[in-house]
Amino acid sequence: MAEDLAPWYEARDSLVDSLEEELMGPREPEPLHEPPLNRIIVGVLYPRVENLSDIYKPGLSEDSDGEAGSTADNTATEVAVSLSHAHKPSSVGLTFTVDSARTPRITIRASARKYTESENVWHPHEVATDTDVVIDSTAAGRIDEPVAEGELLRIVGVVRAPTAAGHVRISVSLVNGHTRTDTSGAIDGLSWFRPTITISTPQGGFVDRSIDPSRLSADADDRSSRFLYRNEPVLAIGHGCAASWDEHATTPDTIWTTFIPSQEVHLARPAGGDEQDDFGRYDLRMDQLADTSDRTQLHAMADAYQRWISTRRIEAETIDMPAHRSVALEHMDRAAECARRIRAGISALDDPVVDRAFRLMNRAMVDQRRAQDRSRGEVSKTQRWRPFQMAFILMNIPALSDPGHPDREVADLLWFPTGGGKTEAYLGCIGFTVLLRRLRREDNGGVSAIMRYTLRLLTRQQFERAAGLICALELVRRTELPNAAPISLGLWVGNAATPANTKEARGILRKVADGEHVQGSTPMQLVRCPWCGVQLTHKHYDASGESMTIACRESGCDFRDGLPLYVLDSDVYANRPSLIISTVDKFALMTWKSEVGLLLSTNGPADSRPDLIVQDELHLISGPLGTIVGLNEAAIDMACTGEGRPKVLASTATVRRAAQQVRAVFDRDTAQFPPPGLTPSDNYFAVNASAQEKGTRRYVGVMAPGTSQSTLLVRIYSVLLQAVGDLDSPDEVRDSYWTLLGYFNALRVLGSAYLQVLDDVPDRMEVVAARRQRSVREISQEPVELTSRVDQMEIPNSMARLETSYPDRQSPDVALATNMISVGLDIDRLGLMVVAGQPQSTSEYIQSTSRVGRRNPGLVITALNSQRSRDSSHYASFIPFHRALYREVESTTATPFAPRARDRAGHGVLVASTRLMIPELSTDESAGNVADYSSRIEEVIDCLVARAGRIAPAEAGPFGEQLRELLARWKNEVGLDAVERYGSMRAPNATTRVGDKPLIDPADDVGAGSFPVRGAPWPTMTSMRDVDAETSLYVKYLKRTD
């Protein structure tokens, strides 16, 4: 039975009410004992300044264009709209569209509040229209009506001429008629507060302002998105405010302005097979799948999915609009293909070896889950697969078990909302792959799978999660396949995170043992044993031998003598772990280190090369990073191809135009799973949960023109922190909102907020507490910080603090973070976030705000900056934007074979491919032997050019010419005795050895003019991130001369 979430919803509503009262003043009219503008910063119409040029912000008047053909005099209206975008706005309004034939009239109601002072008390006066203002929408013209007799507050607007389709666009604004000639002096009595405009249509309704759905887009993703969100119209846009309407009405007949827009977003829940499934019942118990070869439940799942598809196809064929109907049927065709692959996966289990690998994988998953329960002191539960997880595994079993299967040419994209269980789905695929290799040839160890990430926080967290599965797999191997190669896990990340060898690790561990504060790289990557849960300290890491051992030494733990985990580069190279978890950056080493080839078994049997590559958070592999990763992927794919190409799995919760991105980066077709259905809330394997089943995430927008962004943040932080402290709720409810997670788009802004949390926020909390007549909440002086500037050693402690629940005194009050947490922060207790400014992409916004409200109802306050046009635009369309969040995800780009990308990284890819594919040229000193292997290098070049031809045909020819010219230069430099070895990575600004003759040199300190490369040494990237050249600025103080 689902938990009763009512106490959380009540607490969340209380927080929003407190926020509104703090920013907009009391909802009900009551006297104020301070000047209104000292308290109220949102929902204010300031008096107009005579010199308008001083207060305009250019570029924010959305509705000043496109009015050709209108016979109305729009000047006054456009001034009114512009006033809503002033630094201190004097108007508020909205623009909407009606069909004049269906809606010949609209009605307007308006209201506002003013305050007058008497003996230092400010008394409120409500002003509103006595009757509805009726406007004829069939006649173009101006609107200019007083709100109330004798008050300087007017309704100003314009009815524009109809379009060819009969659509009429109307703008309505509420304008403060007070003016002032200077910017000094008190203006409280000249300002209006809480202004509102309500527009109604006695007949007909409002017209959707979004793109005409009957027009087919050339982009498949765009067509799909328009179809899925066809019932989420954009009926109005605000000016200096947001516009809202009843989302449950089939045809809304009323729209209104709001200054604190709010939208509840329902979260998806995994679905299928339960009592709510109308298409079939089944039970995917892991222990049953492990113990028997009975596939009844698997067939039942496939049958239920097929029935869902058949039902939805009938519905799709009845859709009236041809453009939408064609998209709906396309969605069903994609679902049918997935159903076929699921059944093919079930059939593949007829092979006894494949079946045994599948069963043992299920056994390992059960054992891992039970170990987790034991370590937490919980009673072990019956472990079940979520249907989408099992379906995804079954879809990929044929390709994972057959290197020549055509699905190896397809990258399967697991598209599932954040927190839905994607990790377990591809951990199942990994477990199957690792076991199948040993079942087919016991001595076949090496790297079976590679999991790659882009951010260190995510990489570290996934290492912890994967460690439990690897321990379970190793125990299964010991009992079921005792003669098979051991199963292990390696963490292969940058040396800023982990030491390169045991010598470095010994030095760090010695310093920790001596009580020194160590910064930077650390071998202590786990704080608890992944099997028994005992806490690990430096004493459990032993780097005294040739390799480092991690052992919990608990008598009851199966891994008391050593965990099958490796975190040092030297150990990873020496042991070639079954699963490697890495950052994409680390693969830049293949240009520099011959050990990478050994790791990928390029010099061994073809069936020992990696079978599976998992790329998590695919949406982050875009832009400059995606471009460079895509170019280097050519070498990786070539090196990993043995009996067949490696299978590629990717996952994301937010992506657009994934097919183009996957083709550019991985040179493969794409199949999204689960495919979309007929609505965004149901694809069979995931449905939107009701508010009673799963807590919603409530987004609230705030913008305060006339006030600095830093002041707005202080006000928001202070009232939320105090309001949580004042909640009359059980501890488990308060815990959800106790830690305020602040999200920032830039370290600079975060740094300022850090100081404000220490000083300004506590001071403001005293004011809020006094007004509420409550005792002030005491907050800890040091916020938790999760950013790139936090030392690697501090991250586990920070994460542990965030996991500490109220009322523990160690539970943090405030945590400040950047996009470091947008993926990988999985702490269920967090339920309150403040976003400072609209993030650069919708994908980042969705990912970051999904960190809160995972277990209980979440609250996200988006504090928008009125001085930024993009923030103002998001504020104006806050409601429709959040009602169709995934519709707004931007497309990602990667252009690996573009000329500038080739100039930067093409020579590095040539060197990497040569060292990986030609064993005789892999060692550092072998660079001088290039002439002896020219024909084999030509074969490598042919493979690289063929890949470019499939991804960017126009660039294939120039790329081939570039590579062959580089080869000729390489051979020429060797002939001139200018190159004797490949070269070594070194610290920035480190001096080179006298007489050293490398082919490549780190590109850390070179400018853009160094590319394309010419003579040796070639400046070569050591990271896939630092693509652009940097310019250092120095402040130089000169002696003043008169």
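The values are calculated or read from the model by the stated rules, or taken from the named source; none is laboratory data. Predicted model only: the values in this text are computed from it and were never measured. As a convention, Cβ positions derive from the backbone with ideal geometry for all residues, glycine included, and neighbour counts pool all protein chains shown.
Listing for the model above:
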| read-out | value |
| --- | --- |
| Identity of the residue in region 855-874, farther than 19 Å from Gly742 by Cβ and part of a helix (DSSP H, G or I), that ends up nearest to the chain's Cα centre (by Cα) | Arg870 |
| The one condition in (1) out of contact with any Lys or Arg (no Cβ under 7 Å at 6 or more places or on another chain); (2) surrounded by fewer than 17 Cβ atoms within 10 Å (Cβ to Cβ) that Ile550 fails to fulfil | (2) |
| Some residue of region 904-912 being at pLDDT below 95, surrounded by fewer than 21 Cβ atoms within 10 Å (Cβ to Cβ), in a helix (DSSP H, G or I) and not assigned by TED's automatic domain parsing to the domain that holds Asp585 | no |
| Condition check for Ile580: crowded, with 22+ Cβ neighbours inside 10 Å, touching a Pro at 6+ places or on another chain (Cβ under 9 Å) and part of a strand (DSSP E or B) | yes |
| Subset of region 406-437 [in contact with a helix residue (DSSP H, G or I) (Cβ under 8 Å, 6 or more places away or on another chain) and on the phi > 0 side of the Ramachandran plot] | Gly421 |
| Any hit, region 213-224, residues being closer than 22 Å to Asn176 by Cα and either in a loop (DSSP other than H, G, I, E, B) or at pLDDT 95 or above (or both) | no |
| Region 349-377, subset assigned to a helix (DSSP H, G or I), touching an Asp or Glu at 6+ places or on another chain (Cβ under 8 Å) and aliphatic (A, V, I, L, M), residue nearest to Arg478 (Cα to Cα) | Leu360 |
| Test for Ala164: is it at pLDDT below 95, out of contact with any Leu (no Cβ under 8 Å at 6 or more places or on another chain) and surrounded by fewer than 14 Cβ atoms within 10 Å (Cβ to Cβ) | yes |
| Qualifying residue in region 151-159 (condition: over 18 Å from Leu94 (Cα atoms), surrounded by 14 or more Cβ atoms within 10 Å (Cβ to Cβ) and without any contact (Cβ under 8 Å) to a residue 40 or more places away in the chain) | yes |
| Asp558 more than 26 Å from Met793 (Cβ to Cβ) and either not in a loop (DSSP other than H, G, I, E, B) or not assigned by TED's automatic domain parsing to the domain that holds Ala371 (or both) | no |
| Conditions (1) crowded, with 24+ Cβ neighbours inside 10 Å; (2) assigned to a loop (DSSP other than H, G, I, E, B); number of the one not met by Asn603 | (1) |
| When residues of region 837-860 are limited to those that are over 15 Å from Arg12 (Cβ atoms) and of a type in the set (D, E, K, R), the one surrounded by the fewest Cβ atoms within 10 Å (Cβ to Cβ) | Glu844 |
| Enumeration of residues in region 786-812 that are more than 10 Å from Thr739 (Cβ to Cβ) and among the basic types (Lys, Arg) | Arg789, Arg809 |
| Criterion (under 20 Å from Ala686 (Cβ atoms), assigned by TED's automatic domain parsing to the domain that holds Phe432, small (Gly, Ala, Ser) and over 34 Å from the mean Cα position of the chain (by Cα)) met by exactly one of Ala348, Ala300, Ala335 | Ala300 |
| Total residues in region 284-320, condition among the hydroxyl-bearing types (Ser, Thr, Tyr), free of Cβ contacts under 8 Å to residues at least 60 places away in the same chain and in a helix (DSSP H, G or I) | 3 |
| Candidate set: region 875-911, residues that are closer than 30 Å to Leu966 by Cβ and of a type in the set (Val, Ile, Thr); chosen: the one farthest from the chain's Cα centre (by Cα) | Val911 |
| Hits in region 661-716 (condition: touching a Cys at 6+ places or on another chain (Cβ under 8 Å) and part of a strand (DSSP E or B)) | Ala671, Phe673 |
| Any hit, region 515-532, residues being touching a strand residue (DSSP E or B) at 6+ places or on another chain (Cβ under 6 Å), among the small types (Gly, Ala, Ser) and in the same structural domain as Ser488 (by TED's automatic domain parsing) | no |
| Region 754-789: number of residues that are without any contact (Cβ under 8 Å) to a residue 12 or more places away in the chain and touching a helix residue (DSSP H, G or I) at 6+ places or on another chain (Cβ under 7 Å) | 1 |
| Leading residue by the ranking (surrounded by the fewest Cβ atoms within 10 Å (Cβ to Cβ)) among those in region 645-660 that are at pLDDT below 85 and touching a Leu at 6+ places or on another chain (Cβ under 8 Å) | Thr652 |
| Residues being surrounded by 17 or more Cβ atoms within 10 Å (Cβ to Cβ) and not in a strand (DSSP E or B) - total across region 254-278 | 7 |
| Residue match in region 767-774 (condition: buried (at least 21 other Cβ atoms within 10 Å of the Cβ), modelled with pLDDT of 95 or more and within 19 Å of Arg39 (Cβ to Cβ)) | yes |
| Hey, Ala505 among the aliphatic types (A, V, I, L, M), assigned to a helix (DSSP H, G or I) and either in contact (Cβ under 8 Å) with a residue 40 or more places away in the chain or not assigned by TED's automatic domain parsing to the domain that holds Lys593 (or both) or not | yes |
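The rows are residues; the columns are (1) part of a helix (DSSP H, G or I); (2) more than 30 Å from Glu844 (Cβ to Cβ); (3) over 24 Å from the mean Cα position of the chain (by Cα).
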{"residue": "Val379", "(1), (2), (3)": "no, yes, yes"}
{"residue": "Ala391", "(1), (2), (3)": "yes, no, yes"}
{"residue": "Met395", "(1), (2), (3)": "yes, no, yes"}
{"residue": "Ala399", "(1), (2), (3)": "yes, yes, yes"}
{"residue": "Pro403", "(1), (2), (3)": "no, yes, yes"}
{"residue": "Ala411", "(1), (2), (3)": "no, no, no"}
{"residue": "Ala425", "(1), (2), (3)": "yes, no, no"}
{"residue": "Cys429", "(1), (2), (3)": "yes, no, no"}
{"residue": "Phe432", "(1), (2), (3)": "yes, yes, yes"}
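Residues are listed down the side, and each one gets a yes or a no for (1) modelled with pLDDT under 90; (2) within 21 Å of Val835 (Cα to Cα):
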site	(1), (2)
Ala723	no, yes
Ser736	no, yes
Tyr743	no, yes
Ala753	no, yes
Asp760	no, yes
Arg789	yes, yes
Gln792	yes, no
